[in-house]
Amino acid sequence: MNDGSDIMITIKHDGCIFCVGCSSVCPVNAIEAVGTRMKVDNDKCINCGLCVKVCPANVICMKKGAKEKPNE
Amino acid sequence: MKYDHDVIIIGGGPTGSTFARLASQEGMDVLVIDKRKEIGTPVRCGEGLGQREIIAQGLDLPRQCYSTEIFGAKVVAPNGKSIVWKDNETNGWVLERKIFDKWLCELAVEKGARVKTYTRALEILKNDKGKPNGVKISHGGREAYDVHAPLIISAEGMEAMMARQMGFKTVHSLYDVDTCYQYEMKPYDHENLIELYFGNKLAPRGYVWIFPKSDKKANVGIGIGGNVVNGKKGNSHSNGNNNCNGSCELLDGAAPKILLDEFIKNNEQLKEASTLVDFGGVISVGAPLNEFVKDNCMVIGTAAKQVDPIHGGGIAVAMESGILAASIVLKAHKEKDYSKEKLFEYEKKWRDTTGKKLTKRLMLRKVLEKVSDDDLNHIFNTVTDNDLKQTMDGNFAGPVAKVLAGRPQLLGVLSALLPGKK
């Protein structure tokens, strides 16, 4: 359940090392490995930021005002 | 109902492959699915493994599965003083995980297991009583289809999404993970010892490791607590091609790469070395899951958070778990009884053996994270290699007494390790 704010989690795929750390800490199952990419379901996301904090490669962002754009 | 297989294992890492090998060789029809295109890739691991675990299984590790042999460990205090621990129990390898994982998987195939790569589990299928009886899978993103088995096993590692669907609480808290960054570097002259560097500034709630590899290479990595705050996180777009325009919200969080780069800059040898690979990962360093089995399903290995909380090592614990689980599942298979009660023997035996050992390690981890660098220096000045061995074996009393004799004010912190305390 999204909290309705205009914040969106995005993952910069070309720096992602595919360690799935983000999905292992996501409390709402919003991040999953699909193919060779981590995919974020921003409808499930509650913007808690845990994935941003744990990411060893620092490739996850909380983007403001980006909600209308599809996830990359 | 007609089943396609006797058991479906999600995940073809060391745990899944070990289980698959042992179950197949006793005649079970085993399907292993792995979402990765290639077993063993990408590597997100320090690649260390003790020899005991392989020898105990009667396996002979092929030469190509490891980069180099190791003979012990060198543990380094914040002030630079080191202790070398080298005995007949500290022999091991630094593996080539890509080759090692594939070898283990091939052994399972040779015993009759069916393995499918690039095959993702989308959903756990359940019967009208809500018990798992299959998995909806998709190969390479193509149309999904159902496969059925009376037993579904999650050997998924850190992600454990299907285990969540089976009702297991596999989500990790930041406090109970370490976030890690690692380079393969060259050249580095080493003594075939694993080197571990401790210090609250160097690696808060963790350590820096140098694992030797062949041809003057080494895995140089760092793991720090997931709840550590040492950098700004979430600015990945600022130097990329995305139209971020500074709209990313920066959060305070754990930034292992910053600390690893700092360590390398201050190391006489490494500061001149090249990096050959960048890799990283997040590892579980907390307590195991509160349950491993339910009717018609179970969780094994890292997916069950069966990881050593001191060093974050998972391979040895995972393979042990795979062996134990296979022995119990074979009994269940004979009786065609995959109830929770029947499978629970695996959980009970695990908690009575490996579980007890890991509980002590977790206590030790929680104590160590409260010790200052000055106290760490004192501890390293006081203890010997034998004390280290005692401590890792869970016999804390002797080493703790030694440390307290010289610094009684540590009693408050160390008392958790003394008998009668939890």
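Going by the conditions given, is B:Val285 at pLDDT below 95 and within 23 Å of the chain's Cα centre (by Cα)? Here the answer is yes, as B:Val285 does meet what is asked. Residues in the stretch B:317-331 that are in contact (Cβ under 8 Å) with a residue 40 or more places away in the chain and crowded, with 20+ Cβ neighbours inside 10 Å: B:Val317, B:Ala318, B:Met319, B:Glu320, B:Ser321, B:Gly322, B:Ala325, B:Ala326, B:Val329. Taking every residue in the stretch B:277-299 that is under 30 Å from B:Leu330 (Cα atoms) and pairing it with any residue that is crowded, with 18+ Cβ neighbours inside 10 Å and hydroxyl-bearing (Ser, Thr, Tyr), at least 6 positions away or on another chain, the pairs with Cβ-Cβ distances below 6 Å are B:Asn296/B:Tyr338; B:Val299/B:Ser154.
A single member of B:Glu184, B:Glu195 is within 14 Å of chain A (Cβ to nearest Cβ), among the acidic types (Asp, Glu) and either in a strand (DSSP E or B) or closer than 22 Å to B:Arg365 by Cα (or both), and it is B:Glu184. Checked against the criterion of being outside the structural domain of B:Leu202 (by TED's automatic domain parsing) and touching a Lys or Arg at 6+ places or on another chain (Cβ under 6 Å), the stretch B:341-362 has no qualifying residue.
Of the residues making up the stretch B:96-126, those that are among the aliphatic types (A, V, I, L, M), buried (at least 23 other Cβ atoms within 10 Å of the Cβ) and within 18 Å of B:Pro14 (Cβ to Cβ) are B:Leu104, B:Ala108, B:Ala113.
Taken across the stretch B:35-44, residues that are assigned by TED's automatic domain parsing to the domain that holds B:Ala318 and not in a loop (DSSP other than H, G, I, E, B) do not occur at all.
Of the conditions (1) within 12 Å of chain A (Cβ to nearest Cβ); (2) closer than 14 Å to B:Asp178 by Cα; (3) aliphatic (A, V, I, L, M); (4) not in a helix (DSSP H, G or I), B:Val277 clears all except one; give me its number. So the condition that B:Val277 fails would be (2). Looking only at residues of the stretch B:250-269 that are in a helix (DSSP H, G or I) and more than 12 Å from B:Val229 (Cα to Cα), we find that the one that is farthest from the other protein chains (Cβ to nearest Cβ) is B:Lys265.
Out of all the residues in the stretch B:134-153, is one or more of a type in the set (A, V, I, L, M, F, W, C), assigned to a strand (DSSP E or B) and within 22 Å of the chain's Cα centre (by Cα)? Yes - at least one qualifying residue is present in the stretch B:134-153.
For the condition in the same structural domain as B:Ile315 (by TED's automatic domain parsing) and modelled with pLDDT under 95, what is the one hit in B:Glu191, B:Glu159? B:Glu159 is the lone residue from the list that is in the same structural domain as B:Ile315 (by TED's automatic domain parsing) and modelled with pLDDT under 95. In the stretch B:387-410, the residues that are farther than 19 Å from B:Ile310 by Cβ and without any contact (Cβ under 8 Å) to a residue 40 or more places away in the chain reach residues that are hydrophobic (A, V, I, L, M, F, W, C) and surrounded by fewer than 15 Cβ atoms within 10 Å (Cβ to Cβ) with C-beta atoms within less than 7 angstrom, at least six apart or across chains, in these pairs: B:Leu404/B:Leu411. Listed by position, the strands (runs of 3 or more DSSP E) contained in the stretch A:1-59 that have at least 1 residues being more than 26 Å from B:Gly140 (Cβ to Cβ) and more than 7 Å from chain B (Cβ to nearest Cβ) are A:7-11. Screening B:Asn88 on (1) surrounded by fewer than 16 Cβ atoms within 10 Å (Cβ to Cβ); (2) out of contact with any helix residue (DSSP H, G or I) (no Cβ under 8 Å at 6 or more places or on another chain); (3) in contact (Cβ under 8 Å) with a residue 12 or more places away in the chain shows it passes everything except condition (3).
The values are calculated or read from the model by the stated rules, or taken from the named source; none is laboratory data. These numbers were taken from a predicted model, which means no experiment stands behind them. Here the Cβ is made from the backbone with ideal geometry for all residues, glycine too, and neighbour counts use every protein chain on show.
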